[in-house]
Every structure is written in C-alpha cells, then in structure tokens.
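K.L.:
Below is the structure I would like to discuss, written out as structure tokens.
The values are calculated or read from the model by the stated rules, or taken from the named source; none is laboratory data. Since we're looking at a predicted model, the values are computed, not measured. As a convention, Cβ positions derive from the backbone with ideal geometry for all residues, glycine included, and neighbour counts pool all protein chains shown. Calculation scope for accessible area: heavy atoms of the full protein, side chains included, ligands and nucleic acids excluded. Shrake-Rupley method; radii C 1.70, N 1.55, O 1.52, S 1.80 Å.
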Amino acid sequence: MTITPSSTQRRIYTVTQLNREASQLLGDYFLTVLVEGEISNLSTPSSGHLYFSLKDANAQIRCALFKNHQRKFGFKPENGKQVIVKAQVSLYEPRGDYQLIVEQIEEAGDGSLRRAFDALKLKLLTEGLFDSTNKQSLPVLPKTIGIITSPSGAAIRDILTVLRRRFAAVPVIIYPAAVQGDNAKHEIAKAIATANRQALCDVIILGRGGGSLEDLWAFNEEIVARAIFDSDIPIITGIGHETDFTIADFVADLRAPTPSAAAEHAVPDQQAWLAQFIYLESRLQQLLRRKLNQTQQSLDWLSRRLQQQHPGQKLARNMQRMEELESRLHQAMHAGLRQHASLLEAKTAKLWQHNPAITINSHKQRQQYLSERLAIAIRCRLEELNHRFLNASHTLHAVSPLATLNRGYAMAIHLPSGQIVRSTDQLKAGDMIQTRLAQGQFTSQIKTIDQDYPELS
C-alpha cells in the first residue's frame, strides 16, 4: 500500500533537522539519568576526552566523558569495570549516534565505598584520632547509660535485654537516631552532641545491627568520627557483626563486635559483683575474727599480768560478777520485752475483738431508729390529743350555760351567796338576785314568789 499525503500535510525533514529534533526530544524527556553497566571499547585520544561503551548482558550504549569532568573522580575508568554513570541522554548529530554525555562516574558495588573508607581512615589516622592516648577509660559502674541507635531496630532490643540481665539497676537514656540513609550521619552526630550537652549519662553505646558496607556507611562518615572524638563522654561502638569494622570503631573509646557485646562492656555482671561481695564479706569476717582473737589473747595476757601484779583480786571477781549480771540483765530485759510485746499483742488483739465501735454504731442506729419512732409517736399523740381537745371543746360548748343563754334563757345567781338559783325554794321575798343574760346582766329584788309554772306562750 502506498501512502500519498496531501500537500498541506506533507513535511520533509533534512537529516540534520531530524537528528537535532531527536536530540532535543531525548534531552527534554530524560533530563539526567543514572545508568549502570560495564565499560568496554574504552578510547583515550590525545584530546583528553574518554569515549567508551556501557553494556550489560543484552545491550550497549555509547558514552562520552569530556576532559573537564574527569578531575572529579577518584579512580581511572578501565575496560571491564562495572560503573554507575550520571549522564544526559543525547544524540551525536553528525553521525546520528544515540549516546550518553557523562557528568559523573563511580564504581558500582563496594569498590568506591571501600576506597573512600581507606582514604578517610588514613586521613584520621594521620591526624591522631585513632591514638590510644586519646581514648577515655570506661566507668566501672556507670550511673546512667546513653544509647544512640534506631528506636525501632533489633539492636536496641538486644542492648536493653543484655543491660537488664547484667545490671538492671542502671538507668538508660535513649537518644534516637537514624542509622542508615543520607541523613543518618547528621542525626548520629547530633545525638552525640545532645548527650554531651545534657551530661546525664557517663557512658554512651553507639550501635546498630549488621548489614552491607553501604548499609553501615553512616558510621564511616567523617562528621560521625569527629563527633565521637570530640565527645567528653566515653563511647562504646557495637556496629554490625564481629567481622564488620567502621571508622567509628577506630575512633571510639572501645569497639565491641556487636551491639550485645557493647552492652556487655558497658556494665559489670551483677552476679559476678555479688559473688565478689560475698567473698569480700567472708574475708572481712575472717580478718575481724582473727583480729578479735588476737585482741582477746592480748587482753587475756594483760589480765593475767594484772592479776599477778595487783592485789585487788576481789575487784576482778566483782568485775566478772558484774559482767555476768549485766549479761543476765540484758537477757532478762530482752526476755521481759519479748514477753511484754507478746502480751501487748495479745491484749491488742483482744481489745480489737471487744472494740466498742461496733456496739456504738449499733446503739447509734438503734437511737436513730427510736428517735424517729418517738417523733412519729409524739406527732400521732399530739394529733390525737388535738382531735380529742376539739371534740371536748365542741361537747363543752354544747353543754355550756353560755350556749343555753344564747338560746334565750337566763341564769339567776343568789346574792350574796353566789349560788345558782335552781328552785324557788332557795328564795324568799326581799332577796337580791343577779340575772345573767347572753348579753349583759342585771340585779333585781324578789317581791313575790310563785310556785306554779306559768304556761309559755
């Protein structure tokens, strides 16, 4: 099939234009890349530039390393070396070759790290940072231990386990720091400076678990080495495994093969100390007994000399008797005190058995109950008496002569005897009577007496 684009769609590139745009496209898309591969076809022309191919098992790419970039590298590129290059992707326009313009180059794997390690080690050795005269002695029994490591790693658990087992009474301060990565060296150096500034511990354990040379590289940094050297607090390193050595190990006051071993060196074995204390106690007791025996022998010899030279034997016997009595007195006092203590304990127990608090509380409750019942009874009695009083008042009012007077009757009182007149037999003509009405009273004199009852109309 033949494609014939229209004249408006058709664009024809020159080779130069195509290569230039392809080069721009590659540069704009990839910017800077890191590529790992093996050097081959290395060429070193008189210009000082280096040209080589970078290959792996399946492909290769041309590379150019210009002279002005070569001063930055600490090794000489050679065929067969595995390297990592930092480069810009480009196109060599005159030939249309796809290539890398190399800006940086370093050996892949541990080779470059090992050379950096050796270079820094030689530098610090020359400056005297590894000299034993600069190393501080560790405290026999530290008051506080500082630990600089990752708070989430296995090393901190191993260190704390060993410290608890060997001497659990020593307090621990953890200064957390990253132990791997680009920022680890700064965090480690900062933690060492913080521990020295606070001055809360008198020995520091700097540790982490095992790993590759790259994993442990933070402990091969110069900033960490100088922080360890400048520390006023002794530092024990326990980094990686027994075969791992770092720059920090050479600068530290003591290098332990593992974090657990660093903890072993930081504190003494409390069991060994206890055994030593027991041994010293036994020795001290032996020496005291020997000294007491020697003193007793000397005293006995002097006593015999005194008895031989002094006539006061009675005084000696009295003194012996006094010592015997003093001993018996002490025994009797102790026995009496024990007896009185036992008696006091028994009396106290008996007293607690008869503690009146329970009876008092019971009586208080009984009194409260009776008081409540008394108040209720008084209230009921008062209500009953009040009711009876009201009934009696009503009854009394009903039979009261005043009530009778209110119904229209009158009450006559004989004067001056003051007797109530109930019959005409009590009266005679001329007697004075006082008549009391419902409202007021009046006095009258008897004129006549009629024994009959007139009819009431």
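K.L.:
Hey, L382 hits all of (1) assigned to a loop (DSSP other than H, G, I, E, B); (2) open to solvent by 80 Å² or more (accessible area, probe 1.4 Å) but one; which does it fall short on?
P.N.:
Result: L382 passes all but (1).
K.L.:
Something else now. Any idea which of (1) open to solvent by less than 20 Å² (accessible area, probe 1.4 Å); (2) modelled with pLDDT under 90; (3) aliphatic (A, V, I, L, M) is the one L213 doesn't satisfy?
P.N.:
Answer for L213: the failing condition is (1).
K.L.:
Something else about it: Here are some residues: A403, A341. Which one is farther than 30 Å from G440 by Cα, free of Cβ contacts under 8 Å to residues at least 12 places away in the same chain and open to solvent by less than 70 Å² (accessible area, probe 1.4 Å)?
P.N.:
Working: A403 fails: farther than 30 Å from G440 by Cα.
Being farther than 30 Å from G440 by Cα, free of Cβ contacts under 8 Å to residues at least 12 places away in the same chain and open to solvent by less than 70 Å² (accessible area, probe 1.4 Å) holds for just one of A403, A341, which is A341.
Let's see how each residue does on (1) assigned to a loop (DSSP other than H, G, I, E, B); (2) among the basic types (K, R); (3) under 17 Å from L129 (Cβ atoms):
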| site | (1), (2), (3) |
| --- | --- |
| K190 | no, yes, no |
| C201 | yes, no, no |
| F219 | no, no, yes |
| R226 | no, yes, yes |
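K.L.:
Among the residues of the range 25-52, how many are over 55 Å from the mean Cα position of the chain (by Cα), β-branched (V, I, T) and open to solvent by 40 Å² or more (accessible area, probe 1.4 Å)?
P.N.:
Adding up the residues that qualify gives 1.
K.L.:
Moving to a separate point now. Mind checking which pairs have a first residue in the range 162-177 that is within 21 Å of S152 (Cα to Cα) and open to solvent by 30 Å² or more (accessible area, probe 1.4 Å) and a second that is assigned to a helix (DSSP H, G or I) and aliphatic (A, V, I, L, M), Cβ under 8 Å, 6 or more apart or different chains?
P.N.:
V172/L160; V172/L163; I173/A195; I174/I156; P176/A191
K.L.:
Let me ask you something else. Between A357, A316, A272, which is modelled with pLDDT under 85, in a helix (DSSP H, G or I) and surrounded by fewer than 10 Cβ atoms within 10 Å (Cβ to Cβ)? Working first, answer last.
P.N.:
Numbers: A316 fails: surrounded by fewer than 10 Cβ atoms within 10 Å (Cβ to Cβ); A272 fails: surrounded by fewer than 10 Cβ atoms within 10 Å (Cβ to Cβ).
Residue meeting the stated conditions: A357.
K.L.:
Keeping to the range 408-428, report how many residues are of a type outside the set (G, A, S), within 23 Å of Q439 (Cα to Cα) and either open to solvent by 60 Å² or more (accessible area, probe 1.4 Å) or in a strand (DSSP E or B) (or both). Break it down into steps so the answer makes sense when it comes.
P.N.:
So in the range 408-428, the residues of a type outside the set (G, A, S) come out as 409, 411, 413-416, 419-422, 424-428.
If we keep only those that are within 23 Å of Q439 (Cα to Cα) too, we end up with 409, 411, 413-416, 419-422.
Next, only the ones that are either open to solvent by 60 Å² or more (accessible area, probe 1.4 Å) or in a strand (DSSP E or B) (or both) stay: 409, 411, 413-416, 419-420, 422.
Total meeting the criteria: 9.
K.L.:
Show the residue pairs meeting these rules: Cβ distance below 8 Å; 6+ apart or different chains; first residue within the range 118-132 and at positive phi; second residue assigned to a helix (DSSP H, G or I) and among the aromatic types (F, W, Y).
P.N.:
Nothing qualifies.
K.L.:
Still on this model: Condition first: in contact (Cβ under 8 Å) with a residue 12 or more places away in the chain and either among the aromatic types (F, W, Y) or at positive phi (or both). Now tell me which residues in the range 212-247 satisfy that.
P.N.:
W217, F219, F229, G240
K.L.:
Do you know which of the residues in the range 235-261 that are over 12 Å from N220 (Cβ atoms) and part of a loop (DSSP other than H, G, I, E, B) is least open to solvent (accessible area, probe 1.4 Å)?
P.N.:
Among residues in the range 235-261 that are over 12 Å from N220 (Cβ atoms) and part of a loop (DSSP other than H, G, I, E, B), the one least open to solvent (accessible area, probe 1.4 Å) is A252.
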